[in-house]
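Below is one structure, written out as structure tokens; comments come after it.
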Amino acid sequence: MSAAEAAPTAPAAPAKAAPIMRADQVTKEFGGLVAVSDVSIDVPTKSIVSIIGPNGAGKTTLFNMLTGLYHPSAGRIYLQDRDITAKRPDIITSLGVARTFQNIRLFRAMTAVENVVVGRHARMKAGVWGSIFRPPGVRREERAARERSREILDYVGLEHSQFDQLAGNLSYGDQRRVEIARALASDPTLLLLDEPTAGMNPQESDRLTDFMRKLRDDLGLTILLIEHDMRVVMGISERITVLDLGERIAQGPPAEIRDNARVVEAYLGRQEES
């Protein structure tokens, strides 16, 4: 046997996860105001990625472009190599993207179950006429949607006694659970969370952090979040993108971001001074 044959073979480097979503040099202008300028971001499949930055950095504007609420003034957005730059929000949802909002947007006069059923409509087949005349097939689909909604509420940890309570009567933390359940009801592959721990105490934030990992590990979801709680960001993120004044100033793993002088000046340093 030759020396070359006897030498141990070096293990192959792990394959880099392909991005499930990619924004390529996107810009958003509102009149003369540039809210996001030439920002690129890759979100690897089955990863947890955070976007951080001071208030007014353009984080939510970027989220709104990724989900179709805004169309970029320039640049392109891709979902698994499919160009979704000009797609409507409902089309993007049907392709597997769901989101929550910084300010909870539940239907307060509807029950928790009813709110989740609304999210389930993206996977239901009944059209306008079916909803009006409600033939047996539509009624079966509606029953299945309600049952699935209850299963999802149970999965996110809402008490069974609260399933039929009005969403407006639930605590802030439980409303967050319902909002996440509604997003999950559309069977997404990519979940965008806009400040999910806002208003939570440290114990509630820890539980939500654990739950985000559970979503990734159990369901194979990819999670992209905007978050101000740096303890959460540094503890859960595999990659962090930092925006300031609409521009991307850094991107990388938590340790790299923590030691980045521009990040400390633009965001982390400001937080420490407050």
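Shape of region 155-232 from the C-alpha gyration tensor: oblate (a/c of 1.5 or more and a/b not above b/c, with a ≥ b ≥ c the square roots of its eigenvalues). Distance between the 7 Å Cα→Cβ label points at Asp187 and Asp218: 1.8 nm. Please report the net charge: other residues with Cβ closer than 11 Å to the Cβ of Asp83, K and R +1, D and E -1. Combined, the nearby Lys, Arg, Asp and Glu give +2.
Between Asn201 and Ala255, the contour length at 0.36 nm per residue exceeds the Cα-Cα span by 17.0 nm. Other residues with beta-carbon under 12 Å from the beta-carbon of Val36 carry, at +1 per Lys or Arg and -1 per Asp or Glu, a net charge of -1.
Can you list the residues of region 72-91 with backbone N under 16 Å from a point 7 Å past the Cα of Arg262, pointing along Cα to Cβ? Residues passing the 16 Å test: none.
When both region 163-188 and region 46-104 are represented by their alpha-carbon centers, they are found 21 Å apart. Near Leu62, within a Cβ-to-Cβ distance under 10 Å, what is the net charge of the other residues, with Lys and Arg +1 and Asp and Glu -1? The answer is +3.
Only the coordinates and a few stated rules stand behind these numbers; no lab work does. Source: prediction; values computed, not measured. No Cβ is skipped: glycine too gets one built from the backbone with ideal geometry, and neighbour counts run over all protein chains shown.
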